[in-house]
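Heads up: the structure comes next, in structure tokens.
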Amino acid sequence: MTKNLKTIYVLLVVLLLIFIGGFYLIFQKISNMENVLGENASQNGSSGTTTLPLAGTSTVLNEPSSSVTGTEPATSSPSSPLTVNSSILFNATSSSDLSPQTNLTILINKMSESPDGNIAVSVKVFTDSASSYSAVDIGSLIQIFSSSGSNIEANNIVGAFKAMPPQGSVDGILNFSVTPGTQSVVFQVGSQDNPSFYEFDFPSGTYKQVTVG
């Protein structure tokens with residue numbers, strides 16, 4: 001009985017040693033595999049191996065910037081007209097085209113010079129004293145004064161000045177052509193027998209009454 005117990009005890013000890021030895025061998029193999037994998041990973045990182053992105057992700061590549069040569073600069077837009085606001089009032093008699101003739105009041109409220117040399121004169125004619133339709137030769141009442149010859153008349157007139165209703169007003173524009181870049185112009189205003197003269201300075205946006213002779 002005692003001999004059988006000793007035999008069983010010896011067998012258990014042997015089995016325990018075998019189990020411990022097998023577990024140690026397995027642990028050693030696992031450690032060796034981890035070391036090998038770690039060395040391979042470090043070698044891949046130092047050799048410049050590119051890691052591919054996972055599917056569904058995007059990669060942004062920073063390319064060197066390049067300048068485009070030979071591109072023409074954008075063309076600047078033409079300069080806006082030079083404008084002089086005014087409040088020149090004068091009286092005139094309506095033309096004989098429609099009777100009876102009546103007294104009119106004419107207002108020059110603005111002048112604008114465009115880069116191409118066109119001067120636009122904005123006017124308003126009041127017919128407060130008229131009892132019926134009247135007309136006015138507006139082109140003979142507003143002209144660019146010339147000291148060396150004939151005055152410059154408007155080359156285009158916009159407005160219903162040939163049939164103006166009574167007790168009202170009519171707006172219009174007189175267009176003149178001058179040399180592009182002209183800075184100042186003297187206008188003759190009113191009837192030919194008693195005109196007034198006004199000098200308009202477009203760069204400064206001012207005007208003043210002057211005397212010519």
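None of the figures in this text is laboratory data; all of them are computed from the coordinates on show. None of these values were measured; they are calculated from a predicted model. When we count neighbours, we look across all protein chains shown, and the Cβ atoms used for this are built from the backbone with ideal geometry, even at glycine.
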Original post:
Where does the range 82-210 land on Rg/Rh, using Cα atoms and the Kirkwood Rh?
Top reply: 0.97
Original post:
With labels modelled as points extended 7 Å from the Cα through the Cβ direction, what inter-label distance (nm, one decimal) is found for Val212 paired with Leu12?
Top reply: 13.8
**OP:** Can you tell me the FRET efficiency between Ser204 and Ser150 if r is taken as the Cβ-Cβ distance and R0 is 35 Å, rounded to the nearest 0.05?
**Re:** 0.80
Subject >> Karplus (6.51, -1.76, 1.60) ³J(HN,Hα), θ = phi - 60°, over the range 200-213, in Hz, Gly and Pro reported as x >> reply: 9, 10, 6, x, 8, x, 10, 8, 7, 7, 10, 10, 10, x
Original post:
In nm, what is the difference between 0.36 nm times the number of residues separating Asp137 and Thr179 and their Cα-Cα distance?
Top reply: 12.6 nm
